[in-house]
Amino acid sequence: MASRKKADEEKLKKRRLARFRFKRLVHVVICNRYWITEIEDREIGNNVTRNIAVIDRHLTHKGTLTIIEKKILNSPPAERTREQRRVLRTVLRKIECLQELTVDQLNDLAGCATFEYFEPGRVILREGHHPHGVYFLANGEITVSRLRWDSIYLRHNDTPCGTRTRGQMFGEIALLHGCPRTATCTTATDCELLCLSRADFDRILKHTLLDRWRQLQLALERFDYFKYWTNDQVRECCLLSRIVAFDTQQKLPVDADARYTYFVLSGQCMILQCLTVAKVHGTYRLVPIATNESAAAKQTSRDASAPPMQPTIEHRFIDVGTFSCGSVFGLGEPMPDRMVVARNRVQCLVIPRGWLFEKQQNVGNTWQRIRMKLEMTIQRDRLFEQFVRDQRWQRYRKALVREYVRLHPRQNGTQLADVPIMCRVEQGEI
């Protein structure tokens with residue numbers, strides 16, 4: 001009887017083990033469904049060797065992390081070799097929010113970070129829960145939402161308030177300030193995450209992020225725009241913003257499609273406007289932005305009263321203004337043939353434009369009014385009129401000098417070659 005009971009227990013144990021292995025296998029297949037579905041059928045043929053190469057290329061080069069790197073991250077931290085840590089350190093350096101960390105910090109992260117995959121619709125963090133770790137988004141998109149009180153239906157609704165994309169970090173606010181989770185984070189797409197426990201976060205990143213947090217708060221205090229923001233708005237802004245430095249003569253990535261707004265903390269930026277003009281018989285015509293040079297040439301020749309001739313297309317760069325400390329730009333103002341270049345070393349507070357234009361941060365349409373002012377200050381037609389006046393003045397001045405020299409010839413024999421070259425530098429035209 002005892003032996004039969006023991007045999008039944010062994011069978012039950014085997015069944016449970018088989019069920020566990022099957023569930024584990026299904027879980028692995030579900031997790032890898034994300035990569036398998038990306039392989040296009042048209043690339044698979046009868047050549048087995050080529051098929052393996054195609055599949056390997058897709059599996060190992062999807063997103064920021066490769067299969068080998070994920071395998072290392074899934075291994076126990078104590079078993080990771082020095083070479084494996086070096087590989088992970090290189091990968092961690094590619095993640096945007098970790099690019100400013102030191103080599104020692106990256107090495108510590110490589111020794112304790114783990115990998116997690118979540119399919120769309122999974123809740124990673126829940127508002128009000130106790131924090132246990134922080135996450136780095138290697139690939140995918142996260143939707144951030146908060147509970148808002150609905151005064152009509154008298155209930156709390158989970159309202160989206162932002163997103164986190166590839167290269168960003170989330171979950172650190174609660175760890176930095178010792179409070180419950182301030183928002184709910186849900187996967188919007190297939191997401192690959194690097195996870196760091198609370199103890200490792202406190203040991204490696206907490207002091208660095210607190211210093212960065214204080215710098216951002218001090219930067220916000222320098223602008224009156226943020227004087228009446230709530231603590232939640234300031235905290236969210238510090239989370240999304242960063243301070244970026246630009247060297248002398250470096251072009252700032254500002255255009256109408258850019259994602260960020262720039263607040264100048266120090267230094268000066270010059271605004272360069274390129275005027276494309278067509279010159280025929282000494283007369284300048286402004287070429288429209290949407291018109292190519294050949295069409296502009298035909299139009300100019302057609303408009304000219306003299307016999308048709310090929311006009312000369314010229315590109316004139318004009319310094320039209322300066323953004324100094326306290327200025328703001330990159331609010332979506334049109335930037336046709338225009339660029340912003342640093343005159344000297346410049347530091348800017350960079351804030352995502354989409355978040356800045358949300359209703360809570362855009363009371364009274366503040367940012368739209370500033371953008372309208374920037375649009376009205378610099379106009380191509382007015383700049384072209386000033387350019388034409390300057391050209392006329394240059395021609396008149398040269399003609400006047402030549403006429404004076406003709407009427408009053410020099411009384412000594414000094415030639416132009418006798419004058420030192422530093423004294424012969426001519427003033428350039430606009």
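In the stretch 244-273, what residues are among the hydrophobic types (A, V, I, L, M, F, W, C), modelled with pLDDT under 90 and exposed (fewer than 15 other Cβ atoms within 10 Å of the Cβ)?
Result: 256, single match.
Give the residue that is nearest to residue 156 (Cα to Cα), with candidates limited to residues of the stretch 188-215 that are within 21 Å of the chain's Cα centre (by Cα) and among the polar types (S, T, N, Q).
Top of the filtered list is 189.
For residue 181, which of the numbered conditions (1) touching a strand residue (DSSP E or B) at 6+ places or on another chain (Cβ under 6 Å); (2) closer than 30 Å to residue 84 by Cβ; (3) assigned to a loop (DSSP other than H, G, I, E, B); (4) open to solvent by less than 70 Å² (accessible area, probe 1.4 Å) fails to hold?
Answer for residue 181: the failing condition is (2).
Working only within the stretch 84-95, note down all residues that are part of a helix (DSSP H, G or I) and either touching a strand residue (DSSP E or B) at 6+ places or on another chain (Cβ under 9 Å) or open to solvent by 100 Å² or more (accessible area, probe 1.4 Å) (or both).
86, 91, 92, 94
Return the residues of the stretch 231-281 that are in a loop (DSSP other than H, G, I, E, B), touching a residue at least 60 places away in the same chain (Cβ under 8 Å) and out of contact with any Ser or Thr (no Cβ under 6 Å at 6 or more places or on another chain); say none if nothing qualifies.
Hits for the stretch 231-281 are 241, 247, 248, 249, 250, 252, 254, 255, 256, 258, 259, 267.
Mind checking which residues of the stretch 134-154 are surrounded by 16 or more Cβ atoms within 10 Å (Cβ to Cβ) and assigned to a strand (DSSP E or B)?
Matches in the stretch 134-154: 134, 135, 136, 137, 138, 139, 142, 143, 144, 145, 146.
Is it the case that the stretch 90-111 has a residue that's modelled with pLDDT of 90 or more and more than 28 Å from the chain's Cα centre (by Cα)?
yes
The values are calculated or read from the model by the stated rules, or taken from the named source; none is laboratory data. Since the structure is predicted, the reported quantities are computational estimates derived from the model, not experimental observations. Positions of Cβ are generated from backbone atoms using ideal geometry, with glycine treated the same way; all protein chains shown enter the neighbour counts. We work out accessible area using only protein heavy atoms, side chains counted, and drop any ligands, DNA or RNA first. Shrake-Rupley method; radii C 1.70, N 1.55, O 1.52, S 1.80 Å.
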